[in-house]
């Protein structure tokens, strides 16, 4: 089977291998177990792979470079429109040659590919929609357009769109799915001692959408209430300098630390050693850090976005907060007064998350591919 991947995700070439963001590559390597040949249509930059990037595990990859595009300003729109015919041609050629077409959405490249796949109604196709599928969420026009095209059974045929969460009134194209980071061998009960000082962590990109500053302010607010807490922030991004400045200005250095990026094996030990994970994100698909933390009994402190409330069973497997800092602080204050209840939440989180293992993930992917072929 010749398997074509069309994605917006940046790649790097090093020693004749292609590298990208580790969670994405780790997942794609499972998809590619069933493929004899691979076509990857994606942007590529000239740089060395960093600590959180890894390579495809396949020896027959035909990589076809396309430029990244953006429509955020006038010059970006003009540049993107100039690039559009060349990008579309490369995507069309890959789709024409492939036995199975796999799209990564949402995004600008995903929008183009979701339109072009309509020219191949008899080809077998899958889409991994990694964003928020909630029909009631506020999203950009381009995201809504992608969702409409992919859901439409006349425009999109022979296609399975894998989405996070089980949403009502969906077309037959839409299939609830999940992702996984850990294996069956890593399952086990972790009995945490929920006594102070409480260790909080943030895991994710340091970007406005993930709201790492809110996590810091939450810790600051809890400290103001006399609660012994500390926070470690794992990740990198455009807000790093802003966060460093805030920590220094507020004299939070002994209690809040920026840890940078680290590998999943290192993060696993962090999850085991921590009480709570904070993710007050503005938009999510399946937040892998939340599921990973739950796997090891680290209680997620999260906002009601996308399928996150379902993941934490509306408060039975985690702590749901709103975006108001005062209200969130009061909610956590209330929860930590009852350590026995926190233990129950932690165990419930582990029981649920440990159902989603790499082995079950691979079985699910194989079923989707082989049911299609």
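The values are calculated or read from the model by the stated rules, or taken from the named source; none is laboratory data. What you see is a predicted model; the values in this text were computed from it and never measured. Every residue, glycine among them, receives a Cβ derived from its backbone with ideal geometry; neighbour counts consider all protein chains shown.
Side notes on the structure shown:
- Close pairs (9 angstrom Cβ cut-off, 6 or more residues apart or separate chains): without any contact (Cβ under 8 Å) to a residue 12 or more places away in the chain in the stretch 281-304, assigned to a loop (DSSP other than H, G, I, E, B) and crowded, with 22+ Cβ neighbours inside 10 Å anywhere: none
- Of the residues screened, residue 327 is one that is out of contact with any helix residue (DSSP H, G or I) (no Cβ under 9 Å at 6 or more places or on another chain), surrounded by fewer than 24 Cβ atoms within 10 Å (Cβ to Cβ) and modelled with pLDDT of 95 or more.
- Residues of the stretch 213-227 classified as surrounded by 21 or more Cβ atoms within 10 Å (Cβ to Cβ) and over 19 Å from residue 304 (Cβ atoms), total: 3
- Failed item in (1) surrounded by fewer than 17 Cβ atoms within 10 Å (Cβ to Cβ); (2) modelled with pLDDT of 95 or more, with residue 142 passing the rest: (2)
- Here is the figure for the stretch 157-178: residues that are crowded, with 22+ Cβ neighbours inside 10 Å and out of contact with any strand residue (DSSP E or B) (no Cβ under 6 Å at 6 or more places or on another chain) total 1.
- Within the stretch 58-81, being touching a residue at least 12 places away in the same chain (Cβ under 8 Å) and out of contact with any strand residue (DSSP E or B) (no Cβ under 9 Å at 6 or more places or on another chain) holds for 67, 69, 70, 71, 80.
- Taking the listed residues 263, 366, 316, the one that is surrounded by fewer than 16 Cβ atoms within 10 Å (Cβ to Cβ), over 20 Å from residue 231 (Cβ atoms) and outside the structural domain of residue 213 (by TED's automatic domain parsing) is 366, with no other qualifying.
- Note on the stretch 292-313: residues that are crowded, with 22+ Cβ neighbours inside 10 Å and either part of a helix (DSSP H, G or I) or on the phi > 0 side of the Ramachandran plot (or both) total 8.
- Condition met for residue 137 (over 19 Å from residue 41 (Cβ atoms), surrounded by fewer than 16 Cβ atoms within 10 Å (Cβ to Cβ) and assigned by TED's automatic domain parsing to the domain that holds residue 308): no
- Checklist (1) in contact with a helix residue (DSSP H, G or I) (Cβ under 6 Å, 6 or more places away or on another chain); (2) under 19 Å from residue 159 (Cα atoms); (3) surrounded by fewer than 16 Cβ atoms within 10 Å (Cβ to Cβ) applied to residue 106, failing item: (3)
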